[in-house]
Amino acid sequence: MLIENDIADGVDFFHRDALSSAVAMKVSCDLQLTLMASSLYRLLGEQLRNGYATAKSQHIFRDYINAVAHVMIGARDITVRFQKRAHNPLLMAAGFAHTDTPVPWQGRKRLRVLFG
């Protein structure tokens, strides 16, 4: 029952027909992508701690993902600068301020995340 509730939560939030139809399409790829997105949100919630490990995907999206940022693509790096928000200290405490990750599909440019 818990697994079915998690799938229902994911389908309700991520399903591509969620806004236009009450009947979800029965496509294996669609369900797989939905479960992958839900799992990524849970992983983010676990990294954030402070009660977000059990938060629903919609809640994490509203607090963290649905944000305005300025993206600068330079010769050697990609910098993402987020505006000041109330939840930024939690992202910084989770270690996202120290992001220095190579992005393979961008010629291995380094990704940096800045807050405020």
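Every number here is computed from the coordinates shown, using simple stated rules; none is lab data. Here the structure is a predicted model, which means the values were calculated and not measured.
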Inset, instruction - Mind grabbing the base-10 log of I(q)/I(0) for the range 67-115 at q = 0.26 Å⁻¹? Debye formula, identical points on the C-alpha positions, no solvent, two decimal places. - result: -0.95
Legend entry - Under the Karplus curve 6.51 cos²θ - 1.76 cosθ + 1.60, θ = phi - 60°, whole-Hz ³J(HN,Hα) for the range 42-48, x wherever Gly or Pro sits: 5, 4, 4, x, 5, 5, 6
Inset, instruction - Would you kindly derive the ³J(HN,Hα) couplings of the range 80-85 from the backbone phi angles with the Karplus curve 6.51 cos²θ - 1.76 cosθ + 1.60 (θ = phi - 60°), listing them in order in whole Hz, with x for Gly and Pro? - result: 10, 10, 8, 5, 5, 9
Inset, instruction - Starting from the amide H of VAL113, placed 1.01 Å from N in the peptide plane, find each other amide H under 5 Å away whose residue is 5 or more places distant or on another chain. - result: VAL80, THR99
Inset, instruction - Could you tell me what percent of the DSSP beta bridges with both partners in the range 67-115 are antiparallel, to the nearest 5? - result: 55 percent
Legend entry - Net lengthening on full extension, LEU43/HIS98 (0.36 nm per residue, minus Cα-Cα): 18.0 nm
Legend entry - Residues with amide H under 5 Å from that of ASP77, placed H, sequence gap 5 or more: ARG110
